[in-house]
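See below for the structure under consideration.
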Amino acid sequence: MDISSAPPAPTITHRGDYLPPEWLVPEVSLDFALGLESTVVKAALQVRRNGASPTIRLKGDALKAEAVTVDGVPTNAWRMDDGDLLVDLPGEAHEIGIETRIAPAANTQLMGLYASNGMLCTQCEAEGFRRITFFPDRPDVLSTYRVRMSGDKALFPVLLANGNCTARGEGESGAHWAEWHDPWPKPSYLFALVAGDLVANHDTFTTCSGRTVDLNIWVREGDQDRTGHAMQALKHSMKWDEETFGREYDLDLFNVVAVSDFNMGAMENKGLNVFNTRYILADPDTATDADYDGIESVVAHEYFHNWSGNRVTCRDWFQLSLKEGFTVLRDQLFSQDMGSAAVKRIEDVRVLRAAQFPEDSGPLAHPIRPDSYQEISNFYTATVYNKGAEVIRMMRTLVGPERFRAGCDLYFARHDGEAATCEDFVKAIEDGAGIDLAQFRLWYAQAGTPKVTAHLDHEDNVATLTLRQDVPATPGQAEKQPMVIPLQLALFDS
Ligand code: SER
Ligand code: ZN
């Protein structure tokens, strides 16, 4: 092989290399001049020094900086490095202004801002925000966002972003604009914007403290009649999370948008969830029971992320199961309560066996908290999601629902507004539920499906159960230790 033509060695990110961000970004303002072919983004980042570096690295993916200012003054103290924008900053706190021009209609990756069927929408998890503007695009940089967008009113009659709409008005030659403010600090992966010709199924929900929340499910004209089940699921989810986990919704508005081109099932952007239409639209003539159940659980899943994911987010992407494993468990418990608990449990175990067991015994086996990655989008796996949910379910089984709830309450109280780790979660369950999980933590580090062999002996009215556990070798993990598995047992007479 000719070395000179070999592709560059892939960059591997290691969990152990984590360092806190050099610069924080407490506030972000974004101004979008919207167009399907071309959108101009003006970003203003309030940055604050958090380390020793005099240079801020703003991640970029296929972006070009058209203009850069520091504290409102055009500057040349910037350079490009491997697609990123590096800006030299003399002081402790500055405002960086950056103008970029992006091409939504040409964005076929469906990451960042893209066009779908004449509308504009975003997908930023995990690393899509850097395709919109230059930014320290990592989940432990939390910012409050102000968004202004303007565009052609006929093309984009509805303009949505995270949080609450604070102002709107008419512009020149058929344009209009809207301003949005999200008061809750969030990582860039939860940013969202939608602009298009949409209609809403509108309803309200009154929270446990008596606040009225406006609910909208936005779809194409003609699809409103197919949103009833999703709206019911949303209202049931909001009530269930109050009753079961003590979690109340925290904005006056909750928007859901169904789009036809979407990479994932759905996305939990703060106050503006975006869904693949298949998880919103259903009508009795064509939808199956499984379709209805899928809608209910995905609507619940994204809503539950408002606390497990958004209010408490991940420090880095190695912690993905912190939000995904926990939120899958929460949506599973919700569906168990909405229908038949036994049937739901059988279905979830079937999914685990069909999708996760093969992953865990194959060449791509990885622990629920991986140690390294080349490309984080490849880690949205059945292991991180479904095995992650089973691991947290085992903690719940070990301590029972009441003590588990006490542990979860402590987790939310300790880490609200923070970017946390899987270890933070286990520690909160340990402290809040009063249990030692030292050995149990191996579940986060070891891959592979343990095999448990059970042998029951009866003699002189004594039953003896002997258990043996084998954890198979997986790539990179030859030697394994046995792991704690709670076991429920019942003996029946004749
Ligand atoms: N964060 C998204 C979800 O799991 C990605 O699909 O809900
Ligand atoms: Zn999720």
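Would you call Gly91 out of contact with any Ser or Thr (no Cβ under 6 Å at 6 or more places or on another chain), over 18 Å from Asp31 (Cβ atoms) and surrounded by 13 or more Cβ atoms within 10 Å (Cβ to Cβ)? Even if it seems obvious, please write down each step before you answer.
Details: out of contact with any Ser or Thr (no Cβ under 6 Å at 6 or more places or on another chain): yes; over 18 Å from Asp31 (Cβ atoms): yes; surrounded by 13 or more Cβ atoms within 10 Å (Cβ to Cβ): no.
The answer is no for Gly91.
Is at least one residue of region 253-265 within 13 Å of ligand 1 (Cβ to nearest atom), in a helix (DSSP H, G or I) and not aromatic (Phe, Trp, Tyr)?
So far as region 253-265 goes, no, none of its residues is within 13 Å of ligand 1 (Cβ to nearest atom), in a helix (DSSP H, G or I) and not aromatic (Phe, Trp, Tyr).
Which residue is farthest from the chain's Cα centre (by Cα), if the candidates are limited to region 246-270 and must be within 16 Å of ligand 2 (Cβ to nearest atom) and under 20 Å from Gln232 (Cβ atoms)?
Arg247
Could you go through region 109-129 and let me know if any residue there is crowded, with 21+ Cβ neighbours inside 10 Å, in contact with a Gly (Cβ under 6 Å, 6 or more places away or on another chain), in a strand (DSSP E or B) and touching a residue at least 24 places away in the same chain (Cβ under 8 Å).
Taking every residue of region 109-129 in turn, at least one turns out to be crowded, with 21+ Cβ neighbours inside 10 Å, in contact with a Gly (Cβ under 6 Å, 6 or more places away or on another chain), in a strand (DSSP E or B) and touching a residue at least 24 places away in the same chain (Cβ under 8 Å).
Are any residues in region 302-346 under 20 Å from Tyr279 (Cα atoms) and without any contact (Cβ under 8 Å) to a residue 12 or more places away in the chain, and if so, which ones?
Listed by number, the list holds a single entry, Gln336.
Which condition number in (1) of a type in the set (Phe, Trp, Tyr); (2) part of a strand (DSSP E or B); (3) touching a Lys or Arg at 6+ places or on another chain (Cβ under 9 Å) is the one that Tyr249 fails?
(2)
Criterion first (touching a residue at least 12 places away in the same chain (Cβ under 8 Å) and under 18 Å from Phe304 (Cβ atoms)) does Val213 satisfy it? Let's see the steps before the verdict.
Working: touching a residue at least 12 places away in the same chain (Cβ under 8 Å): yes; under 18 Å from Phe304 (Cβ atoms): yes.
Yes.
So, in region 275-301, exactly how many residues are within 10 Å of ligand 1 (Cβ to nearest atom), crowded, with 24+ Cβ neighbours inside 10 Å and of a type outside the set (Phe, Trp, Tyr)?
1
Among the numbered criteria (1) under 22 Å from Tyr18 (Cβ atoms); (2) surrounded by fewer than 19 Cβ atoms within 10 Å (Cβ to Cβ), which one does Asp436 miss?
Among (1) under 22 Å from Tyr18 (Cβ atoms); (2) surrounded by fewer than 19 Cβ atoms within 10 Å (Cβ to Cβ), Asp436 violates only (1).
Here are some residues: Ala365, Ala342. Which one is out of contact with any strand residue (DSSP E or B) (no Cβ under 9 Å at 6 or more places or on another chain) and not aromatic (Phe, Trp, Tyr)? Can you show your working first?
Numbers: Ala365 fails: out of contact with any strand residue (DSSP E or B) (no Cβ under 9 Å at 6 or more places or on another chain).
One residue alone meets the criteria, Ala342.
Residues are listed down the side, and each one gets a yes or a no for (1) among the hydroxyl-bearing types (Ser, Thr, Tyr); (2) closer than 25 Å to Leu281 by Cβ; (3) in contact with a helix residue (DSSP H, G or I) (Cβ under 9 Å, 6 or more places away or on another chain); (4) surrounded by fewer than 19 Cβ atoms within 10 Å (Cβ to Cβ):
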{"position": "Thr313", "(1), (2), (3), (4)": "yes, no, yes, no"}
{"position": "Ser321", "(1), (2), (3), (4)": "yes, no, yes, no"}
{"position": "Phe334", "(1), (2), (3), (4)": "no, yes, yes, no"}
{"position": "Asp337", "(1), (2), (3), (4)": "no, yes, yes, yes"}
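Could you please find all residues in region 439-494 being surrounded by 11 or more Cβ atoms within 10 Å (Cβ to Cβ) and touching a helix residue (DSSP H, G or I) at 6+ places or on another chain (Cβ under 8 Å)?
Phe440, Arg441, Trp443, Tyr444, Ala447, Gly448, Thr449, Thr474, Met483, Val484, Ile485, Pro486
Inside region 464-494, can you point out the residues that are closer than 25 Å to Arg441 by Cβ and in contact with a strand residue (DSSP E or B) (Cβ under 6 Å, 6 or more places away or on another chain)?
The answer is Leu467, Arg468, Gln469, Asp470, Pro482.
Specify which of the listed residues (Ala413, Ala342, Ala389) is in a helix (DSSP H, G or I) and over 21 Å from Ile485 (Cβ atoms).
The conditions single out Ala413.
Return only the number of the condition from (1) within 14 Å of ligand 2 (Cβ to nearest atom); (2) in contact (Cβ under 8 Å) with a residue 40 or more places away in the chain that Thr381 does not satisfy.
Among (1) within 14 Å of ligand 2 (Cβ to nearest atom); (2) in contact (Cβ under 8 Å) with a residue 40 or more places away in the chain, Thr381 violates only (2).
Which of the residues that make up region 292-329 are within 10 Å of ligand 2 (Cβ to nearest atom) and either part of a helix (DSSP H, G or I) or charged (D, E, K, R) (or both)?
Val298, His301, Glu302, Phe304, Leu320, Lys323, Glu324, Gly325, Phe326, Thr327, Val328
Please count how many residues of region 158-208 are β-branched (Val, Ile, Thr) and assigned to a loop (DSSP other than H, G, I, E, B).
Filtering region 158-208 down to residues β-branched (Val, Ile, Thr) leaves 158, 166, 194, 199, 204, 206-207.
Within this subset, residues satisfying the condition of being assigned to a loop (DSSP other than H, G, I, E, B) are 207.
So the answer is 1.
Tell me yes or no: at least one residue of region 436-450 is among the hydroxyl-bearing types (Ser, Thr, Tyr), touching a residue at least 60 places away in the same chain (Cβ under 8 Å) and in contact with an Asp or Glu (Cβ under 6 Å, 6 or more places away or on another chain).
yes
All of the numbers you see were taken from the coordinates with simple rules; none came from a lab. What you see is a predicted model; the values in this text were computed from it and never measured. As a convention, Cβ positions derive from the backbone with ideal geometry for all residues, glycine included, and neighbour counts pool all protein chains shown.
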